[in-house]
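Have a look at the structure below before the remarks.
The values are calculated or read from the model by the stated rules, or taken from the named source; none is laboratory data. None of these values were measured; they are calculated from a predicted model. For neighbour counting, all protein chains shown are included, and Cβ atoms are generated from backbone atoms with ideal geometry for every residue, glycine included. Keep in mind that these areas ignore ligands, DNA and RNA; they rest on the heavy atoms of the full protein, side chains included. Shrake-Rupley method; radii C 1.70, N 1.55, O 1.52, S 1.80 Å.
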Amino acid sequence: MIGYTLEEKVAVIEFQRPEARNALNPEIMDGLEAAFDRAEADEVFVIVLTGQGTVFSAGADLRSGAVLDKNFMERVIRFYRRVEAMKQIVVAALNGPAVGAGVQMAMVADLRVLDPSATIAIPAAKLGVTIDKWTLRRLEDLVGGGHARGVLMAAQKIGAEKLAELGFANAIGDREAALEFARGIAGLAPLSLQNYKALFKSDVAVEPLTEAEEARLHAVWDSEDLKEAIMARIEKREPRFQGR
């Protein structure tokens, strides 16, 4: 489910589950963690994270009950923090749409190259779930507070051209363009870039949750509304949220 190729100082890690739009499940996370372990062991300088097919990642696979468990959510959050602490520079090459946790995977990268077909959306409020503080702050940092509110509170989608205008995308191009972008970075001074990465990542997004923030987060994942959203999805109807 996860591909790994090595080209001198650049490792390409690829979601390889196109039949499920590269949706995340525990098996994908197992492979992803192993691939990042391998990249560290290979002492690469740049990691390119991309997807197979026409979708970068459709987010958490809601057909898998495991992804609705708080332990899965916490595992994914730990992975983001681990990647941000790595010395390797990570480039997300969005080969198509990124949804929910797919957007989080794009934001954990240091830089992003987007195919013209790429979009981002976090429809958590449609699904009766919510996102953590790290995701909100990273999104706010990359697209601005107003657009972050639109993505989260109005479930809006943003396309590649607008994302480039906002600064979320560092370049627009296909997979080969993303690889060329990564190769250029691999020729730069490692210590300089590692310092920049550490400085950019040491912000409010990495502050630990307060007790109140953690309680609100868990309240959503334990809610009746989440159960209703799952049933609505199974029954192919709109959910009827009650706020409890």
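Leaving out ligands and nucleic acids, and using a 1.4 Å probe, what accessible area per residue does the chain come to in Å²? Please list the in-between numbers first.
Working: 11840 Å² over 244 residues.
Per residue, the chain has 49 Å² of solvent-accessible surface.
Hey, what angle do you get for helix 26-41 against the long axis of the chain, alpha-carbon based, 0 to 90 degrees rounded to 10?
So the inclination is approximately 20 degrees.
Considering only C-alpha atoms, what is the centroid distance from region 177-212 to region 214-244, in Å?
So the two Cα centres are separated by 35 Å.
Give the carbon-plus-sulfur fraction of the accessible surface of region 2-192 in %, rounded to a whole number; probe 1.4 Å, heavy atoms of protein chains only. Don't jump to the answer; show the numbers that get you there.
Numbers: 4050 of 7840 Å².
The nonpolar share, carbon plus sulfur, comes to 52 percent.
If we sort 217-225, 88-96 on the protection proxy, mean other Cβ atoms within 10 Å, highest first, what's the order?
Working: 217-225: 14.8, 88-96: 25.8.
Packing order, densest peptide first, comes out as 88-96, 217-225.
Below 8 Å, C-alpha to C-alpha, sequence gap of six or more: please give me the relative contact order for the chain in percent.
Values: 416 pairs, mean separation 41.5, N = 244.
This gives 17 percent for the chain.
Label 7 Å along Cα→Cβ of Asp174; region 39-75 residues with amide nitrogen under 14 Å?
Within reach of a label on Asp174, which here means backbone N under 14 Å from a point 7 Å along Cα→Cβ, region 39-75 contributes 53-54.
Could you tell me how many degrees, from 0 to 90 and to the nearest 10, lie between the Cα long axis of helix 133-143 and the main elongation axis, the longest principal axis, of the Cα atoms of the chain?
Once rounded, the angle reads 60 degrees.
For region 1-117, give the share of DSSP beta bridges that are antiparallel, in percent and rounded to the nearest 5; count only bridges with both residues there.
Working: 6 of 23 bridges.
The answer is about 25 percent antiparallel.
How far is helix 175-186 tilted, in degrees, relative to the longest principal axis of the Cα atoms in the chain, given as a value from 0 to 90 rounded to the nearest 10?
60
For Leu188 and Arg240, what does the FRET efficiency come to when R0 = 41 Å and r is the distance between their Cβ atoms, rounded to the nearest 0.05?
Working: r = 53 Å, r/R0 = 1.30.
For Leu188 and Arg240, the calculated efficiency is 0.15.
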